[in-house]
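The values are calculated or read from the model by the stated rules, or taken from the named source; none is laboratory data. Here the structure is a predicted model, which means the values were calculated and not measured. Don't worry about glycine lacking a Cβ; one is built from the backbone with ideal geometry, like all the others, and counts go over all protein chains shown. Heads up: the accessible areas ignore ligands, DNA and RNA and are worked out on the full protein's heavy atoms, side chains in. Shrake-Rupley method; radii C 1.70, N 1.55, O 1.52, S 1.80 Å.
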Amino acid sequence: MAAQADVSEATVSRVLNGKPGVSAATRTRVVAALDVLGYERPVRLRRRSAGLVGLVVPELTNPIFPAFAQVIEQVLAGHGYTPVLCCQQPGGASEDELVEQLEESGVDGIVFLSGLHADTAADQRRYAELAARRVPFVLVNGFNEQVSAPFVSPDDHMAAGMAVRHLAELGHARIGLAVGPVRYVPSRRKTEGFLAAAGPDAERYVRHTLFSVEGGHAAAAELLEAGCTGIVCGSDMMALGAIRAVRERGLDVPGDVSVVGYDDSPLIPFTDPPLTTVRQPVQAMASAAVGALLEEIRGNPVPSTEYVFRPELVVRGSTARARG
């Protein structure tokens, strides 16, 4: 352990026994070495939790949600809070049931990631009722003007525009959009951004489908039939489905068809081909969401508005100049 922390054995002993004469930085290194080597911290070194914070996510099969969850948990832990992850699985607990369980557990606040607040068909009164019970909460991805709370969102309108302009600069004249159900706010915003960049006539090249590999596959099949040589997708998972649809027709990505995703979760650079995508600023968004929630928990109300973050186009191997 002394070697791991790059200190003497005597220093390790002083830290473990709570003796004075050790700097805060050295003490932190020794405690970190304990964690790395798998030792259980002595009781005196365990930091008392400042409280519990719930994190409600729709699912974990899409890598972007674990990416958000990891950063949110890290930021919360850095402030002394213990995160409680709640995931909605098909046939499992609903968002309302998860919230009820979190309240029974005595959480100090809740972060909702892509929850029912993003669904325009859902009853938004549940959030007003939550606020009436004095439970602080923050909503990530999917602004809804019916809900009075801090929102943190990527600029979906800008994201779609970035993707369209990238494909247009590569010479693609017929560009399609494969995006999720129209009732979801991010889908609507991406569609608006797509049409603003591609022109109103491009509406015939918009396909609303499921936010999944299968959804992207089905939408891309229709867009290929319509003659699209460039496809913008509402998520990286949809983009992988689109690439599969292209290859099933004996075509090449990016030789015949260029595909752009959205999210840029950690494994996406290693796909075949590496996926060109629009990156969500996960670190900045997650940090802002936790910061707003902690202010609410401390009794410092945060303006009930939407904080919008700029995405970034990441060009890789799934896009190329259009043939001819």
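Okay, residues lined up against (1) touching a Phe, Trp or Tyr at 6+ places or on another chain (Cβ under 9 Å); (2) open to solvent by 50 Å² or more (accessible area, probe 1.4 Å); (3) of a type outside the set (A, V, I, L, M); (4) on the phi < 0 side of the Ramachandran plot:
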site	(1), (2), (3), (4)
ARG188	no, yes, yes, yes
GLY193	no, no, yes, yes
ALA197	no, no, no, yes
ALA221	no, no, no, yes
CYS228	yes, no, yes, yes
VAL232	yes, no, no, yes
ASP252	no, yes, yes, yes
SER258	no, no, yes, yes
PRO281	yes, no, yes, yes
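Considered as a group, the residues in the stretch 95-115 that are open to solvent by 50 Å² or more (accessible area, probe 1.4 Å) and either in contact (Cβ under 8 Å) with a residue 60 or more places away in the chain or not acidic (Asp, Glu) (or both) include one that is farthest from PRO186 (Cα to Cα), and that residue is SER105. Search the stretch 265-279 for residues being open to solvent by 10 Å² or more (accessible area, probe 1.4 Å) and modelled with pLDDT under 95, and hand back the single one that is farthest from ILE110 (Cα to Cα). Within the stretch 265-279, the match that is farthest from ILE110 (Cα to Cα) is ASP272.
Please determine, by comparing only the residues of the stretch 157-203 that are β-branched (Val, Ile, Thr) and under 17 Å from ALA322 (Cβ atoms), which one is nearest to the chain's Cα centre (by Cα). If you could, list the steps in order and put the result at the bottom.
From the stretch 157-203, those β-branched (Val, Ile, Thr) are 164, 175, 179, 182, 185, 191; that's our starting set.
Right, trim to under 17 Å from ALA322 (Cβ atoms) and you get 164, 175.
Numbers: VAL164: 22, ILE175: 26 Å.
By that ranking, first place goes to VAL164.
Checking SER235, SER265, SER258 one by one, the residue that is touching a His at 6+ places or on another chain (Cβ under 8 Å) and not β-branched (Val, Ile, Thr) is SER258 and no other.
Results for (1) exposed (fewer than 11 other Cβ atoms within 10 Å of the Cβ); (2) within 29 Å of ILE297 (Cβ to Cβ); (3) at pLDDT 75 or above; (4) touching a Leu at 6+ places or on another chain (Cβ under 8 Å), shown as yes or no for each residue.
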residue: MET1; (1), (2), (3), (4): no, no, no, yes
residue: ASP6; (1), (2), (3), (4): no, no, yes, no
residue: THR28; (1), (2), (3), (4): no, yes, no, no
residue: GLY38; (1), (2), (3), (4): yes, no, no, no
residue: GLY54; (1), (2), (3), (4): no, yes, yes, yes
residue: GLN74; (1), (2), (3), (4): no, yes, yes, no
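When the stretch 125-142 is filtered for residues that are open to solvent by less than 10 Å² (accessible area, probe 1.4 Å) and free of Cβ contacts under 8 Å to residues at least 24 places away in the same chain, only TYR127 remains.
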